[in-house]
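The structure appears below as structure tokens.
The values are calculated or read from the model by the stated rules, or taken from the named source; none is laboratory data. Computed from a predicted structure; not experimentally measured. Ideal geometry is used to build each Cβ from the backbone, glycine not excepted, and the neighbour counts take in all protein chains shown. What goes into the accessible areas is simple: the full protein's heavy atoms, side chains included, and nothing from ligands, DNA or RNA. Shrake-Rupley method; radii C 1.70, N 1.55, O 1.52, S 1.80 Å.
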Amino acid sequence: MQSIWETRQFHRTPDLVVIGSGIVGLFTALFYKRNNPKHHVVVLERGPFPSGASVKNAGFACFGSPSELLADLEKEGADAMLARVENRWKGLLELRAEMGDTAIGFEASGGHEVYAAHDPLYTRVAERFDVLNASLRPIFGKSVFTWDDGAIARYGLSGVDHLAHTELEGPLDTGLLMGTLLRKVLAEGVFLRPKADVLRVEDGPGHVRLVLQDGDELEAANVMICTNGYAQQLLPELAVVPARGQVLQTAPIQGLRVKGTFHYQEGFYYFRDHAGGILLGGGRNLDLTGETTTQEGTTPLIQEALERLLREVIIPDTPYTVTQRWSGIMGMGPSKTPIIEQRSDRLFVAVRMGGMGVAIGIRVAREAAALVR
Ligand SMILES: Cc1cc2nc3c(=O)[nH]c(=O)nc-3n(C[C@H](O)[C@H](O)[C@H](O)COP(=O)(O)OP(=O)(O)OC[C@H]3O[C@@H](n4cnc5c(N)ncnc54)[C@H](O)[C@@H]3O)c2cc1C
């Protein structure tokens, strides 16, 4: 039995329901609400708070390391690679402008790619380094990557011979970003309904019906699915597969010299300083099949590889304690381009952010919100 107040305030048919309160879902709801201030906008989230990759990631504000960009160039050609870099870079600038650097804990401490001793990857990158810089110049207005091998000793790294640096990247505080974004979205009039696990989406002519895990059902004029790595649970035909990423964090380390964000082994590993310790993730390549899952969890195989890297490369001969381990689910597919599309009159999707959602999330959301009329 609803009161008239509940019916009018909370239970009227939403003009837009967004499923998923990650960075994409929250920004989509925010931009749609700004475009349509009188509309009723509700975000449904399965967890008690945002629970997907947006609150599990490593917090790299990055647009691609030299080896990643060269691999993209080989696979997709120059135009696609450059368009993606531009999208990521503009996304980071928009994110920082919208939220403010302090509110997201962004530090301009630089991004790095490090190459192991005798690494053939280094030769491949070195041969094309200047050409890559030249092709990126129109986006950044300067040579964005420089060699800075002298910094290897300063950062205390071992077994590393070469280091490429860009001053335009850096770490941010993922928790601060998502907390601030959630508060902003609520303050601008969007409703969040947590613990609302959507089981089924039934697309009808006049509205979309949503069936929730708890048995409740609701109708919406329009629905935007922003569930990224979980997208196939609602739309099995979408070309998005889950990709788990594992992470660990150490306690503060006395005399820690690592500063900024680091990519290693073609981006299969990534590490940064955080809270006086090291935050380190990666190793999916060791068990791609096992890590193609929506199940959260860590495995000894990958966690041991991460710790080996810690001991042998990042903080050699330094005692450390791992204080936390976790995983997050990304959405990947045959292409690195996100899916932002209208599926029917009233049903829309914005998914498949790969490992780039921090950077591109805000732009994906702007485009997604504009699709809904
Ligand atoms: C370990 C790791 C490290 C990463 N590092 C970086 C990085 O450094 N830089 C970067 O740019 N990107 C990084 N990424 C990728 C980035 O985090 C993601 O691309 C981005 O967060 C995706 O945002 P999203 O909103 O699309 O999805 P998500 O944040 O996953 O949000 C989806 C939401 O939908 C909810 N949901 C799912 N199904 C349902 C349902 N049926 N009903 C209701 N709710 C549902 C989930 O609970 C979740 O809250 C990393 C990811 C991981 C896992």
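Key figures for this structure:
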quantity	calculated
Cα-only Debye scattering, region 183-230: base-10 log of I(q)/I(0) at q = 0.27, 0.31, 0.32 Å⁻¹	-1.12, -1.18, -1.19
Förster radius 30 Å - calculated FRET efficiency between Thr299 and Glu167, Cβ distance, rounded to 0.05	0.25
Accessible carbon and sulfur surface of region 32-73 relative to its total accessible area, %, 1.4 Å	60
Segment Thr146-Asn35, length gained on full extension (0.36 nm per residue, minus Cα span)	35.8 nm
Paired Rg and Dmax values of region 267-325, which use every Cα atom, in angstrom	12.0, 36
Separation between Cα centres of region 230-252 and region 170-221, rounded to whole Å	18
Structure-based [θ]222 nm, the chain - -39500 (n - 2.57) summed over DSSP H runs of at least 4, per residue, nearest 500	-10000 deg cm²/dmol
Estimated dipole of the chain in Debye, rounded to 20 [Cβ of Lys and Arg +1, of Asp and Glu -1, Cα centre]	980
Exposure ranking of Trp326, Trp5, Trp147, Trp89 by accessible area [1.4 Å probe, largest first]	Trp5, Trp147, Trp326, Trp89
The chain: most fluctuating residue of Arg346, Arg244, Arg124 per GNM, C-alpha cutoff 10 Å	Arg124
Mean Cβ count within 10 Å, highest first, over the residues of peptides 57-65, 211-219, 297-305	57-65, 297-305, 211-219
10 Å beta-carbon shell around Gly110, net charge (K/R +1, D/E -1)	-3
Net charge of neighbours whose Cβ lies under 15 Å from the Cβ of Ser158, counting Lys and Arg as +1 and Asp and Glu as -1	-2
Translational D in µm²/s for region 61-161 (Stokes-Einstein at 25 °C, 0.890 mPa s, Kirkwood Rh from C-alpha pairs)	163
Charge context of Phe27, other residues only, Cβ under 12 angstrom, K/R +1, D/E -1	+1
At R0 = 51 Å, FRET efficiency that the Cβ-Cβ distance of Glu98 and Asp317 yields, to 0.05	0.75
Kirkwood Rh in Å, taken over all unlike Cα pairs in region 141-199	16.0
Histogram of C-alpha separations across the chain, 10 Å bin width, %	5, 24, 32, 23, 11, 4, 1, 0
When each of Lys33/Lys75; Lys56/Lys90; Lys142/Lys184 is checked by Cα-Cα distance, pairs over 29 Å	Lys33/Lys75; Lys142/Lys184
Ranked by how many other beta carbons lie within 10 Å on average, peptides 283-291, 159-167 from highest	159-167, 283-291
Solvent-accessible surface (1.4 angstrom probe) belonging to Lys33, in square angstrom, nearest 10	30
Per residue, in Å², the accessible surface of the chain once ligands and nucleic acids are set aside, probe 1.4 Å	44
